[in-house]
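What follows draws every value from the coordinates through simple rules; no lab data is involved. Given the structure is predicted, the values throughout are model-derived calculations rather than measurements. Using ideal geometry, Cβ is built from the backbone for each residue, glycine included, and neighbour counts are taken over all protein chains shown.
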Amino acid sequence: MAELKPKKKRPVLHAVTVVALLAGSAYFTFELRKDEQEKAPAIASVTDSVDSSGKSSSTGEQKWERLKNPDRSVLRGGDGNVIATFTDGARTATLTGPSRTFSEPATTKTRVVTTDWVRLMPEPWVSGAEKEQWFKEWFTKYRGSEEDDLFAMAFQYGDQAPVKKDAEGIPYAGDASFGPINPNGSVGNDYRLEQSDFYDYLGIPYTFRDGTTIQQEANRYRSMDCSGFIRTLFGYRARFPLMSSDTSGDGLPRTANGMARSKIGVDTIPLKGVSAAARPSNIDVLQPGDLLFFKLDARTGERLDHTGMYLGNDTEGHKIFISSREEANGPTIGDKGGTSRLDGNGYYASTLRSAKRL
């Protein structure tokens, strides 16, 4: 994906309320309000319950164990079931919680039923961090919590997803498009323009930590391309640091290629090249929440040009991901532009090149 070219900077910083996003919603967003059911599909529902304390049902003495490839700490309950997984060098954690079902009936019969809840910790994990006060406070807050996680946020931008506004009235969620129609494109060939980031979707200028202010483009309002979608989830919503481009500042770069080649996080599937021969031989190392990187377009040379987030297995046992793509005109787990599967020899399975855990 081509690197974003910022417009002329303006010195005025637009104030954006993020406190509500940091805390998450006070209600469980997957159970849509009745007045929204008629205009939006119920994209997920909770099917399990938790006990009165809000914790998972695992009983008995909890035990920590260390595993390799990648190095990580796993917390198990007395029954041996995994409660949570934490990877060395990554802020992404996977916690076991109430079961949820994600679906997109307009474009696919695929359903993802999962007990995985993916969240960002305030600090990268290191061996022994379970003894640290910051972790104890974080884990106490989020174990068993039904507050929006990265999966919940991802499905708040799909087809017909209802609009959600922050305290300043800025719509921070709701049905997103991929980008404006390309006047020089055609159906199946660059029909929609790339380079729509989270601030375009929000319709506000944004000042990054390196001091760069980038103005939104009016024709990109409510749009996010593939890397813009990932930056919306992990950056704007979950507050992972964001770079203003692929080279300026520190944090998550602007493009799929920049993300894949950056040193942030942990490479769960190291990048070995972009040719067909560099397709990973083993994808079982993937964990829900991992970022995926693809080589789709030969015209982009050595650049990786697509990214998405791994969700886990669907009800048929296929490894499924979500991404914003041109053919579906926005975030999807559907079949437009290729089935969203990583196993087999389909379009995306054959073009996967690497994966990263932030």
* If you take the beta carbon distance between LYS109 and GLN133 as r and set R0 to 51 Å, what does 1/(1 + (r/R0)^6) give as a FRET efficiency, to the nearest 0.05? -> 0.65
* Asked: What is the set of long-range amide H partners of VAL113 at a cut-off below 5 Å, with H atoms built 1.01 Å from backbone N?
  -> PHE102, THR315
* At SER281 and ASN184, where each label point lies 7 Å from the Cα along Cα→Cβ, what is the point-to-point distance in nanometres? -> 4.3
* Take the alpha carbon gyration tensor of the range 228-317, find the square roots of its eigenvalues, order them as a ≥ b ≥ c, and report rounded if a/c is under 1.5; if not, report prolate when a/b exceeds b/c, else oblate. => oblate
* To do: Express in whole angstrom the spacing between the alpha-carbon centres of the range 137-171 and the range 250-305.
  => 26
